[in-house]
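Only the coordinates and a few stated rules stand behind these numbers; no lab work does. Note that the coordinates shown come from a computational prediction; the quantities given were computed from them, not determined experimentally. Every residue, glycine as well, gets a Cβ built from its backbone with ideal geometry; the counts of neighbours run over all protein chains shown.
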Amino acid sequence: MRKSQLTAYSLGHFWVDFCCALLMFSRLKGAPELSLCVLVYNFCAFAMQMPIGLIADRLNRNACVAALGCCLVALGGGMARFPLPACVAAGIGNGCFHVGGGVDALNACERKSAALGVFVSPGALGIFLGSQPEAAALPAWLVALALLALGALFVLLNLRPRGTLASGNAPVRLEAGSKLWPLACCFLVVALRSWVGLALSFPWKTGAWAALAACAVALGKAAGGFLGDAMGMRRASAISLGLAALLFLLGGLPLAGVLALFLFNMTMPITLWASAKLLPGGKGFAFGALTFALFLGFLPVYLGWSAPLSPAATGCLGALASLAILLPGLAKGGLQ
């Protein structure tokens with residue numbers, strides 16, 4: 001992936017997630033059906049990425065899928081008077097953007113995962129900043145205009161060097177066979193990471209420390225791709241999750257907790273990269289399957305099922321369980 005394309009998709013990831021958070025936390029604040037809206041949005045944004053990914057694999061127009069996502073998010077933002085339709089539009093738009101940009105990033109990550117880590121990292125910052133009360137001051141027309149401009153940029157950057165809208169996706173082939181177990185391991189790790197990330201509620205996560213925590217999540221996702229390239233995915237996973245488990249035990253201390261979040265999120269690009277390597281004829285489907293795992297991790301928190309242990313113990317055990325699942329999965333899949 002060219003630097004200009006990666007930069008555009010990374011900015012798009014920040015802005016799409018910012019706009020969706022702005023809709024959910026500000027534009028729809030006080031809506032009587034807000035609780036249902038949260039469920040509908042998360043289902044459309046994450047669970048729907050699996051069928052969207054399969055369509056994107058076959059369509060072979062990744063930039064167009066990402067651009068369509070921007071248009072739908074803009075539409076959702078303009079429909080805030082109608083909360084449920086707005087959530088459906090924004091959620092599906094979020095899913096389309098992530099799949100389109102994600103598959104292009106995966107296509108560029110045949111041997112290295114750094115580009116994938118850079119692409120996925122800005123979303124955490126977008127969600128954090130979009131959820132702040134100050135974000136509501138942004139005029140809706142400006143938010144929508146920026147989304148549409150980004151969508152046009154994705155298409156232009158794909159079209160200019162290629163002379164075509166085709167993305168170069170591999171022929172669709174979803175036969176997992178012996179790779180089903182390592183794929184399932186990646187799926188379980190993502191579901192667990194989603195649940196742990198949402199369930200952790202350290203008392204220090206307010207104000208500046210909350211901002212630092214969001215930065216740590218974003219930087220951890222970016223660093224995971226570079227570390228995996230430098231020392232291998234299994235070794236990077238072992239080091240990051242092992243250290244995260246230790247630091248989570250000290251998670252009551254703000255600095256230790258921030259570092260734990262940084263390390264814990266380093267496996268995100270690794271699991272995405274591994275899934276794409278295991279299912280090269282269905283990268284969009286593999287990407288969507290892991291976001292479906294994110295949705296499953298969200299459900300217990302949405303239903304109010306709190307973690308039975310302290311935040312420190314929950315984080316530590318979550319990191320150790322992730323380590324115990326991911327390393328054998330990567331080894332079984334023949335991934336270093």
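Summary table below
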read-out	value
Length-normalised contact order for the chain - Cα pairs under 8 Å, 6+ apart - percent	26
Per-peptide average of other Cβ atoms within 10 Å, ordering 280-288, 231-239, 20-28 highest first	280-288, 20-28, 231-239
Charge dipole of the chain about the Cα centre (unit charges at C-beta), most positive-ward option of Val73, Leu157, Gly53	Leu157
Cα-based Lys pair tally, the chain, threshold under 27 Å, eight or more apart or on separate chains	20
Cα gyration tensor, region 3-162 - rounded (a/c under 1.5), prolate or oblate	prolate
Most fluctuating residue given options Trp181, Trp273, Trp141, as computed from a GNM of the chain linking Cα atoms under 10 Å	Trp141
At least 20 Å along the helix axis (C-alpha) and Kyte average at least -1.0, DSSP helices within the chain	3-22, 62-78, 83-107, 140-162, 180-199, 207-231, 233-248, 283-302, 311-332
Region 192-320: C-alpha gyration tensor shape, a/c 1.5 cut-off, then a/b vs b/c	oblate
Shape category assigned to region 161-229 from the gyration tensor of Cα positions, a/c cut at 1.5	oblate
Order by protection proxy (mean Cβ within 10 Å, highest first), peptides 33-40, 324-331	324-331, 33-40
Ordering of 96-104, 52-60, 81-89 by burial proxy (mean other Cβ atoms within 10 Å per residue, highest first)	96-104, 52-60, 81-89
Helical contribution to [θ] at 222 nm, DSSP H n ≥ 4, -39,500 (n - 2.57), averaged over the chain, rounded to 500	-24500 deg cm²/dmol
